[in-house]
Amino acid sequence: MLLSNLYSLPGEEKVDILIEDKEISSVSRHTDSLSSVPNSIHIRFEDAIVFPGLINSHDHLDYNSFPQLGNKVYKNYVEWGEDIHKQNKDVINKVLKIPKELSIQWGIYKNLLNGITTVVNHGPKLQVDNNLITVWQQCHTLHSVQLERKWKIKLNRPFIKKQTFAVHIGEGTDSIAEKEIDELIKWNLFKRELIGIHAIAMNGRQAAKFKAIVWCPDSNYFLIGKTAVINELKHKTEILFGADSTLSAKWNLWDHLRLARQEKMIGDNELFDALTANAANIWGMSSCGSIVKNNSADVVIARREKGLNGMDSFFAVNPEDILLVMHKGQIVLLDDEIRTQLLNGGIPLNDFHKITINGIGKYVLGNLPELIKAIREYYPEANFPVTC
């Protein structure tokens, strides 16, 4: 399949991308004289940007059927948890009636609709059978210092093969949040590679002990009213980006990115890399995170807002602007605008179902309308950002 006439990010060069099997076969400068490739379907775009499938470095897939729950600004995550289990007990009990496999599947679709092709799930390993996106669970996870039972033993088990541990840490503004970071560092006896999530209370000295920090500003501001000092931490460790679940953050990743950009603690290219190449490198994900020859064909194409160029066009994207998502060479989401080209190219769309996002028609692989219907049978108040 040839995808042509695309503005490549983070630059501004027009490119054509040839996909063969599950990989990117070539990336070449666009030329209008290139009308076709032998035995290949050709899809031409107008005024569209292309970028690698995004990597969401923090989510709880089974928590995305929850609405945002919070009643005030909290000092730390423990206070938040205790409060919502008292104040929002009825809502929590209603959502927990949804079978876990349905909530997980919606969590996968939430990521897909945002142009995310790889998500790092935090928590116990989930049984996931899907071909929509990659669910990355190839690391150890600890919930947190305060809430994970026997975390010191789990962290220091000898002879474990995978050494990286992802853990919520420093999610708060009080002394408890600050001191737990030093406690984790102190008890990391075998010097495991640590990826810290949130790190609101973290300082540069502490950050130097971590392989990376996952920044989740939307969740941080909603719960704690403050986010990590990324402009300081980035000089001591690597920065990744996470959306978190809808229990504490909005569903639209692009709102999170615009919030992060407004903070001006990290440059545009740094933020882009935190979602793409840098994330792939830190997690040890081979062959994704960049659009280059022989990489996995995880590709996202989106409309370019009129008058915007380069990274300005990237940060202006919303889910309704996404024209195509490809995961490992398979189209998993497409816009109504390019449907005819695909049908004319002989690509069957029998396994796709139509939805609309803010009035814009999309086709997604799998039966998302039936999934939404099934979830509402258990939780009628469930609010989804799509209509079917």
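Values in this text are rule-based calculations from the coordinates and carry no lab data. Just so it is clear, the model here is predicted, and its values are computed rather than measured. So basically every Cβ, Gly included, is an ideal-geometry build from the backbone, and we count neighbours across all protein chains shown.
In a reduced charge model with +1 at each Lys and Arg Cβ and -1 at each Asp and Glu Cβ, the chain shows a dipole moment near 1340 debye about its Cα centre. Think of the chain as a dipole: +1 on every Lys or Arg Cβ, -1 on every Asp or Glu Cβ, centred on the Cα centre; then among 144, 267, 74, 144 lies furthest on the positive end. Taking the chain as a Gaussian network of alpha-carbon nodes connected by springs under 10 Å, the highest mean-square fluctuation of the residues 53, 11, 70 belongs to 11. The calculated FRET efficiency for the pair residue 377 and residue 82, based on their C-beta separation and a Förster distance of 35 Å, comes to about 0.70. In whole Å, what is the distance between the alpha-carbon centres of the range 193-267 and the range 151-181? Result: 17 Å between the Cα centres. With both labels modelled 7 Å from their Cα along Cα-to-Cβ, the residue 147 to residue 205 distance reads 2.8 nm.
Listed from fewest to most Cβ neighbours within 10 Å, the set 134, 340 follows the order 340, 134.
Sparsely packed loop sites in the range 40-86 (the trypsin sites (Lys or Arg not before Pro) outside DSSP H, G, I, E and B with at most 14 other Cβ atoms within 10 Å) comprise 72. What does the convex hull of the alpha-carbon atoms of the range 55-283 project to on average, in nm²? Spelled out: convex hull of the Cα atoms, projected over all directions, averaged, 11.8 nm². Of all DSSP-defined beta bridges confined to the chain, some 55% are antiparallel rather than parallel. Going from the residue with the fewest nearby Cβ atoms within 10 Å to the one with the most, 283, 187, 215, 251 rank 187, 251, 283, 215. Take every pair of alpha-carbon atoms less than 8 Å apart whose residues are at least six positions apart; their mean separation over the length of the chain yields a relative contact order of 20 percent.
Where in the range 242-306 are there trypsin sites (Lys or Arg not before Pro) that are in a DSSP coil and have at most 13 other Cβ atoms within 10 angstrom of their Cβ? Intermediate values should be presented prior to the final figure.
Details: sites: 250, 258, 261, 264, 293, 303, 304, 306; in loops: 250, 264, 293, 304, 306.
Hits after loop and neighbour filter: 264, 293, 306.
Positive end of the dipole of the range 55-283 (Cβ unit charges, origin at the Cα centre): among 158, 134, 217, the Cα lying farthest that way belongs to 158. Residues of the range 157-184 falling in the label zone of residue 226, defined by backbone nitrogen less than 13 Å from a point 7 Å along Cα to beta-carbon, are 170-179. With contributions of -39500 (n - 2.57) from each DSSP H run of at least four residues, the per-residue ellipticity at 222 nm computed over the chain stands at -8000 deg cm²/dmol.
Out of all DSSP beta bridges with both ends in the range 55-283, state the antiparallel percent to the nearest 5. Close to 5 percent.
DSSP loop trypsin sites (Lys or Arg not before Pro) in the range 113-207 with at most 13 other Cβ atoms within 10 Å of their Cβ, which ones?
Those satisfying the criteria are 125, 149, 150, 161, 162, 191.
Computed over the chain with a Gaussian network model linking Cα atoms closer than 10 Å, the most mobile of 163, 341, 127 is 127. At a threshold of 8 angstrom on Cα-Cα distance, excluding pairs fewer than six apart, so keeping six or more, what relative contact order does the range 205-307 reach in percent? Answer for the range 205-307 is 22 percent.
Between the range 295-311 and the range 49-110, the alpha-carbon centres lie 28 Å apart. In a reduced charge model with +1 at each Lys and Arg Cβ and -1 at each Asp and Glu Cβ, the range 108-220 shows a dipole moment near 640 debye about its Cα centre. Principal axis extents of the C-alpha atoms in the range 170-302 (largest first, rounded to whole Å): 46, 34, 26.
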